[in-house]
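Right, one structure below, let's go through it.
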Amino acid sequence: LPEYAFIGRSNVGKSSLINMLTSRKSLAKTSGRPGKTQLINHFLINHDWFLVDLPGYGYAKVSKSIKKVFQKFITQYLEQREQLVTAFVLVDIRHKPQPVDQDFMQYLGEKGIPFSIIFTKADKLKPKAIDNHVEDYKNILLETWEEMPNYFITSSSKDIGKEEVLQYIDSLNQSFILD
Ligand code: GDP
């Protein structure tokens, strides 16, 4: 089954987003290998795809380099998982791109792992400010990327962006099945 990974800095709102996306869904939390600490959690959604909850990265006190803050098997997951369709990189809409986020997107690009951006906590800004922040984000990313990755504006507390993300996943699932 196709898998979609969700990842971001700690406190970005990942758990809240996952709760929003999975509410009222047919959901089964599947256990990983017995005896292993559950760093990577798989949720089976609607019997046809897995939401993969990856641990947060970018704790301020550790090294700048994303490779050092990552557990080895997270990179192994990202690089070796054939079922992984797309990674969703979560960023707080209020913040400018942080080096650790940019490094991580760079890493995904180098490994050829498709990703989309999910802006979180959109309820914290007025619509105009959201536009400005997204525009700033685009300008910075376009210094290294040819085009802006797919992105979604979400708020878990106001239930914003849920259908857009789920529809996008559904559309990718269709192509995954056809492959
Ligand atoms: P995680 O560490 O990335 O899993 O983040 P959490 O989902 O635990 O959220 C971190 C903090 O941000 C919590 O205090 C949440 O209540 C808050 N938060 C998460 N999503 C939203 C949102 O959409 N809007 C607002 N205003 N706060 C949010």
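The values are calculated or read from the model by the stated rules, or taken from the named source; none is laboratory data. Every value quoted in this text rests on a predicted model; they were computed, and no experiment measured them. A quick note on method: Cβ atoms are made from the backbone with ideal geometry, for glycine too, and the neighbour counts reach across all protein chains shown. Please note that ligands, DNA and RNA were not included when accessible areas were found on the heavy atoms of the full protein model with its side chains. Shrake-Rupley method; radii C 1.70, N 1.55, O 1.52, S 1.80 Å.
Just a few scattered comments:
- Flag if E135 is part of a loop (DSSP other than H, G, I, E, B) and of a type in the set (D, E, K, R): no
- Among the residues listed as K72, K36, K68, K61, the single one being surrounded by fewer than 11 Cβ atoms within 10 Å (Cβ to Cβ), modelled with pLDDT of 60 or more and over 15 Å from P2 (Cα atoms): K72
- Restricting the stretch 99-126 to residues that are more than 16 Å from the ligand (Cβ to nearest atom) and among the charged types (D, E, K, R) leaves a set whose member that is least open to solvent (accessible area, probe 1.4 Å) is D103.
- Filter result for E79 (acidic (D, E) and either within 23 Å of W49 (Cβ to Cβ) or modelled with pLDDT of 95 or more (or both)): yes
- All positions within the stretch 145-167 that are open to solvent by 20 Å² or more (accessible area, probe 1.4 Å), β-branched (V, I, T) and within 14 Å of the chain's Cα centre (by Cα): I153
- Those residues of the stretch 1-25 which are open to solvent by less than 60 Å² (accessible area, probe 1.4 Å), of a type in the set (K, R) and over 10 Å from the mean Cα position of the chain (by Cα), in sequence order: none
- Residue match in the stretch 40-48 (condition: within 16 Å of the ligand (Cβ to nearest atom) and modelled with pLDDT of 90 or more): yes
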